[in-house]
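Worksheet for the structure shown next.
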Amino acid sequence: MAEDGRRDVSISIVGLPGSGKTTFLAALWELVGERRVAKALSFASIGDNDLSYLRKIVTVWRKATEQARTRITGLTAVRMNLKDKAGNVVQVAMPDAPGEDFRAMWEDRELGRVLGESLAVGNIMLLVNGNKVKAPAWVTERAAQRRTTGRQDDQTLPKDWHPSLAPTQVQLVDLLQTISHAPVGSAGRKVAVMISAWDKAEGERLTPDIFLKRKLPLLAQYLESGRDGWTSRVYGVSAQGGEYDPNDDNAERVEGDAPARKKRAVKSGDADRLREVDIPANRIRLVSGDKESNDLTEPLQWLMH
Ligand SMILES: Nc1nc2c(ncn2[C@@H]2O[C@H](COP(=O)(O)OP(=O)(O)O)[C@@H](O)[C@H]2O)c(=O)[nH]1
Ligand SMILES: [Mg+2]
């Protein structure tokens, strides 16, 4: 409890693997350390956190290189405390304990203690990669596709179902439902849905709200129905501002090649443009309705109360 009796709210940043969590955190850390750019929340303290991880991901971010896919072992959560103009402090955490992840919650119905505790209370920032939405497909659409492409039957043998094949929105609704009920958590909280890689999604000329309704209708309707009492907002976020160069640590070994040589993905040219931006924090873009800024702390400020 805060001194005036208000409940202190913490914020957890969550999302499936590849949803843009690490990139968001790196951009946020860059932004809060940048005095030349105005923002709603500023840095308060780092708590008992190890700074080396944040320093590492921000270095990668500044070079306009993708974050490494490998998880840092031994790390349980990354936390930072931010404060608003009135001095109210909020703790932002990205739970990331080894072996406890959002994929396991859905695929194995397993929830580790560290992750469970951090999702039990507080508000949620949910990241969804706008460039990687795995959409549901209708059997009739697939059949029509086959007719037009003339593909033959060996492509259509039934496959065993696995939870990993479930559409993105099914996994996310399940995640939100799980943390809205005992024994995991409680209902009536706030969630900011962040459509990441917005630079890739905005070509369709949809607002973030409409994007959610069109591409993830189940998630949009779940939130709208108020079933678990979520109050929600939808943002588009480009934490990189465009496509970064691939990270060599993520490259797959080319079979039969010398161990030192790895397959390199093709560069898009976006990264060169982004490295030219005077103040790196200005690469960041946040879209809400028809408004745009580079203040990633604005959704966090909304989640603070
Ligand atoms: N184009 C673009 N790609 C992004 C952006 N943010 C993240 N990505 C990409 O999305 C992928 C997953 O990001 P990452 O932060 O590693 O996701 P995590 O697994 O949730 O930590 C990487 O290939 C990123 O480069 C963005 O703002 N723009
Ligand atoms: Mg990551």
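Comparing 35, 227, 285 in a Gaussian network model of the chain (Cα springs below 10 Å), the most mobile by mean-square fluctuation is 35. Between 281, 197, 86, the residue with the greatest mean-square fluctuation in the GNM of the chain (Cα pairs under 10 Å linked by springs) is 86.
Note on the chain: with a GNM built from Cα contacts shorter than 10 Å, the maximum mean-square fluctuation among 204, 110, 66 falls on 204.
Which translational diffusion coefficient, to the nearest whole µm²/s, is obtained for the chain from the Stokes-Einstein equation, given a Kirkwood hydrodynamic radius over C-alpha pairs, 20 °C and 1.002 mPa s? The estimated diffusion coefficient comes to 103 µm²/s. A Förster radius of 35 Å, combined with the Cβ-Cβ distance separating residue 52 from residue 225, puts the computed FRET efficiency at roughly 0.20. For the chain, the antiparallel share of DSSP beta bridges with both residues in that region comes to about 45%. Mean sequence separation of contacting Cα pairs (under 8 Å, at least six apart), scaled by the length of the chain, corresponds to a relative contact order of 23 percent.
Just so you know, all these numbers are worked out from the coordinates, no wet-lab data involved. Worth saying up front: this structure is predicted, and the values here are computed from it rather than measured. Every residue, glycine as well, gets a Cβ built from its backbone with ideal geometry; the counts of neighbours run over all protein chains shown.
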